[in-house]
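Report on the structure given below.
The values are calculated or read from the model by the stated rules, or taken from the named source; none is laboratory data. Predicted model, so just to flag it, every value in this text is computed and none were measured. Here Cβ is always computed from backbone atoms with ideal geometry, including for glycine, and neighbour counts include all displayed protein chains. Please note that ligands, DNA and RNA were not included when accessible areas were found on the heavy atoms of the full protein model with its side chains. Shrake-Rupley method; radii C 1.70, N 1.55, O 1.52, S 1.80 Å.
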Amino acid sequence: RASVTSRYEMLYRSTTAQEEAALAAATAREADAALHPLQDATLGSLTMYVVSETSSLLPQGINVYVGKHRSALVRAVGSLAALQARLREVTQVMSFTASSIAAALSDRVPDGQLSPDARRYLKSSLGYEITFSLLNPDPKSHTVDWDIEGAVNRYVKPVLDKLSLVANFSVDSQILYYAVLGVTPRYDKESSSFLLSAHSLPHVINPVEARLGSSAASLYPVLNFLLYVPERSHSPLYIQDKDGAPVSTNAFHSPRWGGIMVYNVEAPASPQASLPLHVDVDMAQVMEVFLAQLRLLFGLSREEVPPKFLLDSPGNEGLADWELDHLLWAHTVENVATVSTTLTSLAQLLDKIGNIVIKDDVASEVYRAVASVQSAVAKLSLGHLQSAFQASKEAVTSSERAFFDPSLLHLLYFPDDQKFAIYIPLFLPMAVPILLSLAKIVRETRQRKKEPTKMD
């Protein structure tokens, strides 16, 4: 029932001499790199530079360039009102909006108010585990070699280093032999290949997931990225979309779970080639797909970009600075909602169990959670994004400790009716002779009162 509103504090100023020199660069990317050391590095802040209409800094037909840091270049086209509208549009792209709030609170918002993709984002967590798995269903035909350690250090580590502000990450890998998809692909005579249609993709995950075994002992959500090398009898294998067209990446992702990529092996030139064939996986091609799927899972899609907008590629870091701010906003709001739900459930539980005893350490965790979430809301309203996010994480930790405290857990499963069911079989054999004796004493007492007493 609570409402979330967003507001912006906008300040206007003239450019400095250093910024003018940086804006004299040949390209927008060079200007963005030169402007980065001169900007306000505060999380959640944006700097927009308005350049003249005739400036050659922006490409032809582009009015807004969004860099990889926390700045944007805006071409001054039209009236002042049009410029203000464009600045608001840039803010909507680079900052937190009402749709972003709805996506962050997707589990608490009615279905009709959300876009179809809003529920595919990962829920906020203190940590995530990433597992890269190589599936080789036909090791007799293929010996697959993948340099997963080098690929993680080169492509994944820069992204996770930047995401370390959001959560803790751990990465592991495994190779599974004789692991099949569980769905028989359809053979296409025209292309002499095998096809997996879009409606059969949901049936692929369950048989494979039973072999992964990574989520059973994990405290945090597990993101699975699978590289599947088809067996010789089903090679080459291609994935089709809903319209029947081949998917360019030959991969698909599952919301809040991960992604699967099919990696086809070229057939040997001669039929007499000795088996198994040695296959070296192109890790650059594979990691490009997996990192794109990782961005989708964290809700960092760039599909909806206004016209005449140019968004710079984040490069090896995987996400821009303003996208990191967006992620921190979303997780902070979700953490506040999670703490509210946890404490409300705890209060309802304590109301139902009348004889429950709250220890001092449980009470202190509840007080600490309430104080932290109030601090997070206050700092969010002031625009202090990093401190608000840290306070929301502390609130989540304290509320979870209070809710799952062992002194409360054992009382959850012993309500009064179960206590009677447990103790009655113990006391009933003892109670029967006692009750019979009491009944006999009562009868004898009544008989004595009825008998007349003799008087001498």
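For this structure, a couple of remarks:
- For LYS440, the lysines whose Cα falls under 20 Å of its own Cα, not counting residues fewer than eight places away in the same chain, are LYS449, LYS450.
- Cα long-axis angle, helix 385-403 against the chain (0 to 90 degrees, to the nearest 10): 30
- Fully extended contour minus Cα-Cα distance, from VAL442 to VAL370, at 0.36 nm per residue: 20.0 nm
- Accessible heavy-atom area order of TYR178, TYR121, TYR263, highest first, probe of 1.4 Å: TYR178, TYR121, TYR263
- Heavy-atom accessible surface of GLU451, to the nearest 10 Å², is about 120 Å², with a 1.4 Å probe and all protein chains retained.
- Taking amide H positions as modeled 1.01 Å from N, with prolines and chain starts lacking one, the residues under 5 Å from THR143 and 5 or more places away or on another chain are LEU277, HIS278, VAL279.
- For the stretch 328-412, the solvent-accessible area with a 1.4 angstrom probe is 50 square angstrom per residue.
- Calculated FRET efficiency for the pair SER99/GLU288, C-beta based, R₀ 22 Å, to 0.05: 0.20
- Full extension of the segment from ALA33 to ILE434, taken as 0.36 nm per residue of separation minus the current Cα-Cα distance, would add 135.3 nm.
- With the simple model of a label 7 Å out from the Cα in the direction of the Cβ, VAL4 to SER164 spans 2.7 nm.
- Each distinct pair of alpha carbons in the stretch 113-245 adds a 1/r term; the inverse of their mean, the Kirkwood radius, is 17.1 Å.
- The accessible surface of the chain, taken with every protein chain in place and a 1.4 Å probe, is 56 percent carbon and sulfur.
- Of LYS359/LYS379; LYS359/LYS393; LYS308/LYS393; LYS68/LYS308; LYS157/LYS308, those spanning more than 27 Å from alpha-carbon to alpha-carbon: LYS359/LYS379; LYS308/LYS393; LYS157/LYS308
- Positive-end residue of ILE441, ALA267, MET283, charge dipole of the chain with Cβ unit charges: ILE441
- Sparsely packed chymotrypsin sites (Phe, Trp or Tyr not before Pro) within the stretch 1-69, loop by DSSP, other Cβ within 10 Å at most 15: TYR8, TYR12
- Exposed loop sites here mean trypsin sites (Lys or Arg not before Pro) with a DSSP loop assignment and at most 16 other beta-carbon atoms within 10 Å; the chain contains its longest site-free run at 14-122.
- At a probe radius of 1.4 angstrom, the accessible area of the stretch 416-455 per residue rounds to 104 square angstrom.
- Summarising the strand pairing of the chain, around 25 percent of its internal DSSP beta bridges are antiparallel.
- Hz values of 3J(HN,Hα) by residue in the stretch 324-340 - Karplus curve (6.51, -1.76, 1.60), Gly and Pro given as x: 5, 4, 4, 5, 5, 4, 4, 6, 5, 4, 5, 5, 4, 5, 5, 5, 4
- Size descriptor, Kirkwood hydrodynamic radius, that averages inverse alpha-carbon separations across the chain, Å: 27.2
- Taking amide H atoms as placed 1.01 Å from N in the peptide plane, the amide H of ASN264 has no partner under 5 Å among residues 5 or more positions away or on other chains.
- With DNA, RNA and ligands ignored, accessible area of ILE434 (1.4 Å probe; Å², nearest 10): 100
- With all protein chains in place and ligands, DNA and RNA left out, the 1.4 Å accessible area ranks MET48, MET430 as MET430, MET48, largest first.
- Only protein heavy atoms count here; on that basis, with a 1.4 Å probe, SER173 has an accessible area of about 60 Å².
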